[in-house]
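The values are calculated or read from the model by the stated rules, or taken from the named source; none is laboratory data. What you see is a predicted model, and the numbers here were worked out from it, not measured in a lab. Here the Cβ is made from the backbone with ideal geometry for all residues, glycine too, and neighbour counts use every protein chain on show. These accessible areas exclude ligands, DNA and RNA; they are computed on the full protein's heavy atoms, side chains included. Shrake-Rupley method; radii C 1.70, N 1.55, O 1.52, S 1.80 Å.
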Amino acid sequence: MVDIKLITLSSLLAGQDSSLKDEVYDFLAKLDPEKRINFVDSPKAFPLFVIASGGSEAKFKAIYKRYPGPYFICPLGNRNSFAASLEIQSFLASKGLKSVFMNGNDKDAMEYLLSCGRAYSLLKKVKGKRLGLIGGPSDWLIASQCDPRLVKKKLGIDIVRITTSELEKEINNQNLGDEKTFFKLRKKTERLETLRGSLYIHSALLAIKKKYSIDGFTLRCFDLLDKYQNTSCLAFALLNDAGFTAACEGDVPSLLTMYLIQALTDKPSFMANPERMDVTHKEAVYAHCTCPFSMGNTYSLMTHFESGMGFGIRLKLAKQEVTMVKIAPELDRVVLKKGKILNNLEEDDICRTQIRVKFEDDISDCLEHPAGNHMVFTYDDVASTLSALMDIVNS
């Protein structure tokens, strides 16, 4: 069920007609025969404007700024409601605002309304949340940076700057944290001191989480290599599985993408580098050295690819449908592709968790209009909701 706020507008004269209320209920029953909408009077619900008669135009103009776009305009079908709806839609167009005219049983418009309802609920859910940026973006992320003010304005999320030195202080405490995790993972490796070091990083990140009351973070993780001869890859896998979003390399757009997926689905996602693309066959290979364990069945603890240090996780992801997602740094668009994982690779010259994906649609635009050097994968179909979210925050 999707929560929708019903706003019925009519002229004063039409509003005095005792049959109008019944007509609205009949209209809604035809509009939503599958009963997927829960009509509620709540500011957290996305608005649907039912234009019940002519003379509603001025009322709409007086209130429309209180509500988010895109604006869904539904004429009741009589009392000059159709003409009034077209006047309202023309007014919105003159303001450069997006509107959707819902006339009759328009299935596409209904699906879009449901997506907007889910997206608006997601937006309300994440408003006021805090995400950490520890140490800043990696030097190579010259296009993958977000203005914290823009993130706050569009998503209502605060980006909290945290220094690497604060994390290092926590790591130096050498707190192992949950010893059950250590004893579980030691069955996967003989490098026990490296395992302890990885779990010190895990415990330190949990301490930062508590100190700053954050719901996720992205870390300039390569800075840990020289100082600790270790990586955060294992810690990230554990944190993402625990519902605490952890993104690599100080990449804020990827962090936002992963966090929104977690908030929407209650499941983690896989952040990866595009390694190569075959546009002709709509296939591509993606890889990274960390992935939530819950996204696969078997895994091994290898070394980190670039450094040969610490742990890099080789996880076998499920061979099933996936959605590839990435929110652009300006939060003005989202890259969305549906596909299927064909197989897991074991190549030596790329990061440890490797997937080959077959996409449903053309992928040439991923080369022509990329969104940075990372993409995010989820098993859930989040495409319509996140696309609608971009429409709402940019309306």
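Annotations
- Computed helical MRE - 222 nm, the chain, DSSP H runs ≥ 4 contributing -39500 (n - 2.57), nearest 500: -11000 deg cm²/dmol
- Annotation: amide H of residue 160 within the under-5 Å range of 131, 132, 133, sequence separation 5 or more or interchain, hydrogens built in the peptide plane.
- Rounded to the nearest 20 debye, dipole of the chain from Cβ charges on Lys, Arg, Asp, Glu: 1140
- Within-14-Å neighbourhood charge of residue 266 [Cβ basis; K, R +1; D, E -1]: 0
- For the stretch 123-173: rounded, prolate or oblate by the Cα gyration tensor [a/c cutoff 1.5]: oblate
- More than 23 Å apart - percent of Cα-Cα pairs taken over the stretch 197-312: 30
- For the chain, the share of accessible area belonging to carbon and sulfur comes to 48 percent (1.4 Å probe, ligands and nucleic acids excluded).
- When each of 35/338; 30/154; 184/358 is checked by Cα-Cα distance, pairs over 30 Å: 30/154; 184/358
- Selected from 33, 138, 20, residue furthest toward positive end of dipole (the stretch 1-149; charges at beta carbon): 138
- Efficiency of FRET between residue 276 and residue 86 - r from beta-carbon atoms, R0 51 angstrom, step 0.05: 0.55
- Share, in percent, of DSSP beta bridges within the chain that are antiparallel, nearest 5: 55
- Bridge type composition, the stretch 1-134 - antiparallel percent by DSSP, nearest 5: 0
- Local net charge near residue 293, Cβ-Cβ under 11 Å (Lys/Arg +1, Asp/Glu -1): +2
- Screening the chain for DSSP H helices whose Cα atoms reach 27 Å or more along their own axis and whose mean Kyte hydropathy is at least -1.0 gives 107-126, 192-212.
- Label-to-label distance, residue 143 versus residue 186, with points set 7 angstrom from Cα along the beta-carbon direction: 4.7 nm.
- Computed over protein heavy atoms with a 1.4 Å probe, the accessible surface of the chain works out to 45 Å² per residue.
- Taking every alpha-carbon pair in the stretch 30-131 and binning the separations at 5 Å intervals from zero gives 2, 12, 21, 23, 20, 13, 5, 2, 1, 0, 0 percent.
- Charge tally for residue 129 (other residues, Cβ to Cβ under 12 Å; Lys, Arg +1; Asp, Glu -1): +3.
- For the pair the stretch 157-213 and the stretch 327-389, the centres of their Cα atoms are 29 angstrom apart.
- Checked against a 18 Å cut-off, the cross-linked pairs 152/211; 127/211; 125/152; 210/267 give Cα-Cα distances beyond that limit for 152/211; 127/211; 210/267.
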